[in-house]
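I have placed the structure first, in the form of structure tokens, so that the comments after it can refer back to it.
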Amino acid sequence: MLKTKLLDIKNIFQHSRSFQAAWEECQSTLKALFDVDQLVLFKRDPKQTELFFQIERNAGVEEMRVPFSFSSVAGFTALSQAPLMLQNLDPRELAAVHPDLRFDRGLDKLLGLEIINILSMPVHHENALMGVFQLINKKSGKFTRQDEAYCRLIVGIMGQKLFEEFDLPQGPFDHLVSKGFLTQEQLDDALSRAAQRGVFVSRVLRADFNLDPDAIGASLERFYQTPFVRYENNPVSDQMLKGINRQYLIRNMWLPLHTGAGKAVVLVQDPHDADTVNEIRRVVNAKSYEFRVGLPEDILAFLGDSSQLPKSVSPGGGGWSTGAEEGEPEDLTEELDDGDDLSASLAELATAAEEGLEFTQDEEEDISLESRQVAVRFVNKVIMHAHRVGASDIHIEPNRVGKPGLVRMRIDGTCERVLSIPESVIKPVTSRIKIMSRLDISEKRLPQDGKLRVRFKGREIEMRVATLPTVYGESVVMRMLSAGKVMPFSRLNLSARNAEQIERIMVKPHGIFLVVGTTGSGKTTTLHSILSRINTPDKKIWTVEDPVEITQQGLQQVQVENAIGLDFARIMRSFLRADPDVILVGEMRDLETAQIGVEASLTGHLVFTTLHTNSAAETVTRLLDMGIESLNFAEALQGILAQRLVKTLCVSCRAAHEVTDEEWDYLVSQYGSEYFPELGIERSGARTFKPVGCRRCSHTGYRGRTGIHELLVTTPEIRKAIMRKQPAEDIERLAVEQGMRTLYQDGIAKIFQGDIDTWQLQKVTVSD
């Protein structure tokens, strides 16, 4: 019944001539669905950092406006971009959310009723805030997490319709195309050049395409619905920054333009970035905030770094130089021919300039000055190249005496040979990396682990470093860690069924949910994406990870330190005494950790965790084999998501082709002829895509990776199977009968979507 109502509402919004018409048609249905007295929709004013609510009266239209601030429920919701559930609106409840939060009783007068409780939800689409939707007065008592979950679905539907009516561009620079400043091909070329050089897109548009910064700013203003501010030769003073570290602002790409009278005006690169907005709230204390959007090179210039400005704008006269000594990245990120190394020879690598890459430490090595300089520049070059090509790992491997070593990089899951290293350079390079990672350079017999951080043109890159002694010398692996950004839940590429089921699980008050897969299959990314959906001020969320790769404002994150006895089990026992609502366990590595996780899920906590297994059903038997009591585990388990990452076809060059009879029969049989009709794909006109190769994908035909998933959701029948310790095959068969689709089936669906091809699917999973 509920699903039918949601589909009806979705159809109304999708097919209505306007948002207002759909809103009026759906109001009575929405009130009944949520059992509330009234609905309120504050829309965002595209010309100001304000929200407005309008209601028709006999005398005309009455309006209420609120700023993006902590002083109102709607303003707080817009500013935090997180849902807010208030059950009684008394001062203590409001102060617990934020000291400045107040409830404006003017809304009571406008609606003609006394507001008792409220569920306030941000409305956005494509990361753009459209407004705030509020449910007023739950008739049956208090709002629940289920109300919040269903409300998320509704605002997603509403946000898309509002976005369409705003007629906003899909990307920050698309307005340049619609206005004729660029063709789409030129914009794609600019995006590609920026990625290859490791520079800002706006800088490429100004330098290579001679675009005026005001034109670029107008495009940003249109996309972000935020006023644009251009740099005009006036760097901010230390007094204006009021004690905020300048280097911190350079790293995070924002700055306060004005503070006073309880209001802060802040210039940012991306006003839609919720993490940045929350960080600004933490650092800049104000009651209300107004945001301005700026070009990233202009923000750096405001902060005193004009090196990114084109010559015509730079107050220091610096321009676009091709000389490495001036810090330009072009000489450090040159195009590589197929089969070529980073440069024609080690000599070219050793003389490449290192400006633009600033290290957090500058300790001295016990090697010659010449060797140190070669090693520093060599490591710089390798890191820059890895960053440019999107590598996840860098492997520096020694070889037998008299043979050169290797640099290999894992790109989109595949380890590729990149560079040969002369034997004489390997040891200085290893020493350099160990010093950057705060490791002991004198210890060469034992494995060591550490981290290093570098800044590349204002962007921080963090790497986890591991050294391992081999018979030929020390081998080094550097893993490029996430930049701290949480992937939006909508970008996980889950099927509609899987997304809906996970949305239901994530709002449950207790239980355990596992994300499983091989190393590097994106388990941590998925879990943090889920946490970001439930990361609200009223939820206490603790995480224990090894290492902490993704950080989120509002989470209490603890990193494992085995050297001092701070392991998963010890931290989790401490968590239970801290009474969190949600716990994330980086990995269930042993029986003790698993038992504590199950115990926590049975005592009122929602537990998320990972495990290295190949399928959802196999996870059940693996945990039971570890020694977990089957009755407790069956009761605690809410679901298991198994996933893999598969190389995606390059959207710029993939080629569509009609499916042959042989290919059609194979895909139908592999999916299961009894289930295939659910995909809604007809034989006539069916097509798949093949890789071709172009400049954007380095002529491989593939660019990036996406997830394939299988989601096992516990039902009474599956719980009984777990209690009886039935084999994984029986549990999987039962789950498929009840709606689960295997990794391979999900992959076949994504073949028809044009995301992947059969070859890449078969490389990461096996069909029956």
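Anything in segment 718-743 that is under 30 Å from residue 685 (Cβ atoms) and surrounded by fewer than 20 Cβ atoms within 10 Å (Cβ to Cβ)? List them, or say none. Lay out the reasoning, then the answer.
As a first pass, look at segment 718-743 and keep what is under 30 Å from residue 685 (Cβ atoms): 736, 739-743.
Answer for segment 718-743, where residues must be under 30 Å from residue 685 (Cβ atoms) and surrounded by fewer than 20 Cβ atoms within 10 Å (Cβ to Cβ): 736, 739.
Would you confirm whether any residue within segment 680-690 is farther than 24 Å from residue 412 by Cβ, in contact with a helix residue (DSSP H, G or I) (Cβ under 6 Å, 6 or more places away or on another chain) and either assigned by TED's automatic domain parsing to the domain that holds residue 519 or of a type in the set (A, V, I, L, M) (or both)?
Yes, segment 680-690 has at least one match.
Select from segment 664-674 the residues that are closer than 13 Å to residue 736 by Cα and surrounded by fewer than 14 Cβ atoms within 10 Å (Cβ to Cβ) and list them in ascending order.
Of all residues in segment 664-674, those closer than 13 Å to residue 736 by Cα come to 671-672, 674.
674 - this is the single residue of segment 664-674 that is closer than 13 Å to residue 736 by Cα and surrounded by fewer than 14 Cβ atoms within 10 Å (Cβ to Cβ).
Are any of the residues in segment 414-430 of a type outside the set (S, T, N, Q), crowded, with 18+ Cβ neighbours inside 10 Å, on the phi > 0 side of the Ramachandran plot and in contact with a helix residue (DSSP H, G or I) (Cβ under 7 Å, 6 or more places away or on another chain)?
No, segment 414-430 contains no residue that is of a type outside the set (S, T, N, Q), crowded, with 18+ Cβ neighbours inside 10 Å, on the phi > 0 side of the Ramachandran plot and in contact with a helix residue (DSSP H, G or I) (Cβ under 7 Å, 6 or more places away or on another chain).
Based on what the data block shows, is residue 552 touching a helix residue (DSSP H, G or I) at 6+ places or on another chain (Cβ under 9 Å) and over 24 Å from residue 521 (Cβ atoms)?
no
Would you please name the residue that is modelled with the lowest pLDDT, looking only at residues in segment 358-417 that are part of a helix (DSSP H, G or I) and more than 15 Å from residue 429 (Cβ to Cβ)?
Step by step, filter segment 358-417, then rank; the result is 369.
Which residue, of 165, 148, is buried (at least 18 other Cβ atoms within 10 Å of the Cβ), part of a helix (DSSP H, G or I) and among the acidic types (Asp, Glu)?
Numbers: 165 fails: buried (at least 18 other Cβ atoms within 10 Å of the Cβ).
It is 148.
Among the residues of segment 265-288, how many are part of a strand (DSSP E or B) and either out of contact with any Phe, Trp or Tyr (no Cβ under 7 Å at 6 or more places or on another chain) or surrounded by fewer than 22 Cβ atoms within 10 Å (Cβ to Cβ) (or both)?
2
Does segment 487-500 include one or more residues that are buried (at least 17 other Cβ atoms within 10 Å of the Cβ), more than 30 Å from residue 679 (Cβ to Cβ), more than 18 Å from the chain's Cα centre (by Cα) and at pLDDT 85 or above?
No, that holds for no residue.
Using the structure shown, decide if residue 79 is part of a helix (DSSP H, G or I), touching an Asp or Glu at 6+ places or on another chain (Cβ under 7 Å) and either at pLDDT below 90 or surrounded by 22 or more Cβ atoms within 10 Å (Cβ to Cβ) (or both).
It is false that residue 79 is part of a helix (DSSP H, G or I), touching an Asp or Glu at 6+ places or on another chain (Cβ under 7 Å) and either at pLDDT below 90 or surrounded by 22 or more Cβ atoms within 10 Å (Cβ to Cβ) (or both).
Do you know which residues across segment 601-638 are touching a helix residue (DSSP H, G or I) at 6+ places or on another chain (Cβ under 7 Å) and free of Cβ contacts under 8 Å to residues at least 40 places away in the same chain?
623, 626, 627, 628, 632
So, residue 135, is that one under 32 Å from the mean Cα position of the chain (by Cα), assigned to a strand (DSSP E or B), at pLDDT below 90 and buried (at least 23 other Cβ atoms within 10 Å of the Cβ) or not?
Considered against the rule, which asks whether it is under 32 Å from the mean Cα position of the chain (by Cα), assigned to a strand (DSSP E or B), at pLDDT below 90 and buried (at least 23 other Cβ atoms within 10 Å of the Cβ), residue 135 comes out as no.
Could you list, in sequence order, all residues of segment 577-587 that are part of a helix (DSSP H, G or I) and either under 20 Å from the mean Cα position of the chain (by Cα) or more than 17 Å from residue 560 (Cβ to Cβ) (or both)?
Correct list: 577 only.
Regarding residue 172, is this residue farther than 22 Å from residue 85 by Cβ, within 26 Å of the chain's Cα centre (by Cα) and either surrounded by fewer than 20 Cβ atoms within 10 Å (Cβ to Cβ) or not small (Gly, Ala, Ser) (or both)? It would help to see each step written out before you state the result.
Details: farther than 22 Å from residue 85 by Cβ: yes; within 26 Å of the chain's Cα centre (by Cα): yes; either surrounded by fewer than 20 Cβ atoms within 10 Å (Cβ to Cβ) or not small (Gly, Ala, Ser) (or both): yes.
Yes: the conditions hold for residue 172.
Give the residue that is nearest to residue 529 (Cα to Cα), with candidates limited to residues of segment 470-483 that are surrounded by 15 or more Cβ atoms within 10 Å (Cβ to Cβ) and modelled with pLDDT of 85 or more.
Here the answer is 479.
Can you confirm whether residue 89 is surrounded by fewer than 18 Cβ atoms within 10 Å (Cβ to Cβ), in contact (Cβ under 8 Å) with a residue 40 or more places away in the chain and in a loop (DSSP other than H, G, I, E, B)?
no
So which residues in segment 752-768 are crowded, with 18+ Cβ neighbours inside 10 Å and touching a helix residue (DSSP H, G or I) at 6+ places or on another chain (Cβ under 6 Å), if there are any at all?
Residues satisfying the conditions are 756, 761, 765.
The values are calculated or read from the model by the stated rules, or taken from the named source; none is laboratory data. What you are looking at is a predicted structure, and each value in this text was computed from that prediction instead of being measured. Cβ sites come from the backbone with ideal geometry, for glycine too, and all protein chains shown count toward neighbours.
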